[in-house]
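In what follows, a single structure is set out as structure tokens and then discussed.
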């Protein structure tokens, strides 16, 4: 008896004892798997699948196909060309049995991988897939809490918006905060020595005098 099954977007006509290569499946050598997407069994034609039918197989090995050469040459673009090889990953298996009925109760795990899987196999895989999003959601929530915590810390300090100074953006404001400068009054009280120290410490390269921060700070501090 023969059957026509589908896996990896391809159809195969098989019978017990056949050895064939299919698109890589999630299985190891020695595993017994079952293909549930059966289009035809003997003279029974599916619509599109034969209900309760299945094809069981034993995985022999995970292999690679023959090397395929992909060559691309572009015209009128300085004659550029590219050549690369590729070996498709395949699963070598042996057909052990063809079931006309009762495949859904056989207890053999469904073939999962590049081929199509049944609704039962997909539902069985869902719990494992849901675990990753939960971890991702937990990380996202943790990051959101960190972002919320940052503004609260800034709000607690009685500092001024130093970005009102000419040439001061978020990056320079952050440098000033790290140096302990948070108010216009502090900048307004800077001496020449303080300006030179800050200029060297924060690598402002003369920006303080050039932009006139001290005079601006005196006006803003009022």
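Derivation of every value follows stated rules applied to the coordinates shown; laboratory data play no part. Note that the structure is a prediction, hence the values are computed from the model and not measured. Neighbour counts are summed over all protein chains in view; Cβ atoms, including those assigned to glycine, are modelled from backbone coordinates with ideal geometry.
For the stretch 2-118, the antiparallel share of DSSP beta bridges with both residues in that region comes to about 95%. For the listed peptides 62-72, 191-201, a ranking on the average number of other beta carbons within 10 Å per residue, highest first, reads 191-201, 62-72.
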